[in-house]
1. Hand me the list of strands (runs of 3 or more DSSP E) wholly inside segment 1-66 holding 1 or more residues that are modelled with pLDDT of 90 or more.
2. Just to be sure, is Arg85 of a type in the set (D, E, K, R) and under 21 Å from Ile14 (Cβ atoms)?
3. Restricting the first residue to segment 28-57 and requiring it to be among the basic types (Lys, Arg), which pairs with a second residue that is surrounded by fewer than 13 Cβ atoms within 10 Å (Cβ to Cβ) meet a Cβ separation below 8 Å and a spacing of at least six or different chains?
4. Inspect all residues belonging to segment 11-22 and state whether any of them is under 30 Å from Val64 (Cα atoms) and touching a residue at least 60 places away in the same chain (Cβ under 8 Å).
5. In segment 85-95, what residues are at pLDDT 90 or above and surrounded by fewer than 17 Cβ atoms within 10 Å (Cβ to Cβ)?
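The values are calculated or read from the model by the stated rules, or taken from the named source; none is laboratory data. This structure is a prediction, so every number in the text was calculated from the model and none was measured. A quick note on method: Cβ atoms are made from the backbone with ideal geometry, for glycine too, and the neighbour counts reach across all protein chains shown.
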Amino acid sequence: MLEDILFSVTDDVIVKTYSLEAGMLHFDLTCISSTAVCPHCGAVPSRVHSSYTRKPKDAAITGVMVCLHLTVRRFICDEETCTARTFTEQVPFLLA
């Protein structure tokens, strides 16, 4: 399937839906990694704060415009000495 070809790079993201509208491919993606690591202190959180949808910049793949809608989670860092109370999970090949 199309999503297997485009998103086989990681097991941390699944394609919920995709469609072709007005010559643009739209993908609804969700992060499903079992853990995240705080980028500030390295702790593994046990609590999810919230989730929201990010829309990375549209890009072209073989001449077709692609629009990504990626649902990511915001975690609460449980480490008392950490300066970051919350952080968002990252998907390196999709987000910087």
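1. 13-21, 24-31, 47-54
2. For Arg85, the condition - of a type in the set (D, E, K, R) and under 21 Å from Ile14 (Cβ atoms) - is not met.
3. That search, which allows pairs on different chains as well, returns nothing.
4. yes
5. Within segment 85-95, Arg85, Thr86 qualify.
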